[in-house]
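Worksheet for the structure shown next.
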């Protein structure tokens, strides 16, 4: 006979908001024979008929156990292509209009099994079902880049966690941007701006052309505070730690390097009266790299540049002032980045090197 269990820990109306933070669910209602030397629960996270995560633990006879399934949800989104959002940003910079790209929620299910020694000494495996008799238990809907862990912790009524009626005074309340709000962001006169919003259907990345003011958006509470500068900046797109597409602008320093690798080979000349050999060389690589800086920033913004931008895994850079974004590799200029020093009265800056992730 199947064991009837209940699942708790889902937020909202079956939606799980995943932001690279723990997603803990609790299984209760487990039943065990008192004589069993082990009481094992296996939880499988299933997406599109395939298992994307397996979790296994001995409950030590307890009838309730919790699992953090965030690693499985991360695997569930491993095939998501951010290049589509980069393409939308390209349209925003070339069409003088706003561009949106929405991420729908992805539904996942749970499969639960128990293992124990029955009273007659037989190894027994039992499939658990929910209150409706489902062996494949509906788990919820998952979206990366949604409500943060802090925001989830202060929501008093979890059934409203997935709607956009969370007002408050924070202009970015409820979105997945990680930018500080203490002072406006400074960008160049030819830069793009973006932010990530939450809707009932999923997360939405919105990109704006530099000629449009942020006030053009009717949902003013999601508008980033931006100060445009006459200095020309270089625009970047990257994926922040909450899985959202983020934009920023950096100052170009007066330095560009081109790295070329040369290989030498021995070449035998055509037969002649006097045998001879010569050398030939083949050049390859041609990687370009630039020295860049965040410019002078406040302490919070310098931390953001160091912990968010430099730590991101995927970056794109607007190339030569065009509407094209190309993949790049971003490396800190130094192993240690000084954010603040109370012995010096100066604003910090974060410097880094950008290399094209292309050859040719």
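The values are calculated or read from the model by the stated rules, or taken from the named source; none is laboratory data. All figures in this text were calculated on a predicted structure; none of them were measured in a lab. Every residue, glycine among them, receives a Cβ derived from its backbone with ideal geometry; neighbour counts consider all protein chains shown.
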- Task: Can you tell me which residue within segment 76-90, out of those that are in a helix (DSSP H, G or I) and touching a residue at least 24 places away in the same chain (Cβ under 8 Å), is nearest to residue 320 (Cα to Cα)?
- Result: 90
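Just one of 217, 182 is over 22 Å from residue 97 (Cβ atoms), more than 18 Å from the chain's Cα centre (by Cα) and modelled with pLDDT under 80; which is it? Walk me through how you get there before you give the answer.
Working: 217 fails: over 22 Å from residue 97 (Cβ atoms).
The unique qualifying residue is 182.
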- Task: Count, please, the residues in segment 100-142 that happen to be farther than 16 Å from residue 31 by Cβ and part of a strand (DSSP E or B).
- Result: 19
- Which listed residue, of 16, 63, 114, is over 30 Å from residue 317 (Cβ atoms), touching a strand residue (DSSP E or B) at 6+ places or on another chain (Cβ under 6 Å) and modelled with pLDDT of 90 or more: 114
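Out of all the residues in segment 287-299, which are in contact (Cβ under 8 Å) with a residue 60 or more places away in the chain and either buried (at least 17 other Cβ atoms within 10 Å of the Cβ) or over 20 Å from residue 188 (Cα atoms) (or both)?
Just the residues of segment 287-299 that are in contact (Cβ under 8 Å) with a residue 60 or more places away in the chain, to begin with: 287-292, 295, 298.
Listed by number, the residues that qualify are 287, 288, 289, 290, 292, 295.
When you look at residue 73, is it outside the structural domain of residue 247 (by TED's automatic domain parsing), surrounded by 18 or more Cβ atoms within 10 Å (Cβ to Cβ) and part of a loop (DSSP other than H, G, I, E, B), yes or no? Can you show your working first?
Values: outside the structural domain of residue 247 (by TED's automatic domain parsing): yes; surrounded by 18 or more Cβ atoms within 10 Å (Cβ to Cβ): yes; part of a loop (DSSP other than H, G, I, E, B): no.
Considered against the rule, which asks whether it is outside the structural domain of residue 247 (by TED's automatic domain parsing), surrounded by 18 or more Cβ atoms within 10 Å (Cβ to Cβ) and part of a loop (DSSP other than H, G, I, E, B), residue 73 comes out as no.
Residues are listed down the side, and each one gets a yes or a no for (1) surrounded by fewer than 16 Cβ atoms within 10 Å (Cβ to Cβ); (2) under 29 Å from the mean Cα position of the chain (by Cα):
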residue: 86; (1), (2): no, yes
residue: 96; (1), (2): yes, yes
residue: 114; (1), (2): no, no
residue: 120; (1), (2): yes, no
residue: 123; (1), (2): yes, no
- Task: Determine, yes or no, whether residue 31 is without any contact (Cβ under 8 Å) to a residue 60 or more places away in the chain, in a loop (DSSP other than H, G, I, E, B) and touching a strand residue (DSSP E or B) at 6+ places or on another chain (Cβ under 8 Å).
- Result: yes
- Six or more apart or on different chains, Cβ under 8 Å: which pairs go from a residue in segment 320-331 that's farther than 16 Å from residue 89 by Cβ to one that's at pLDDT 80 or above and not in a strand (DSSP E or B)? Could you list them? 329/357; 330/309; 330/310; 330/312
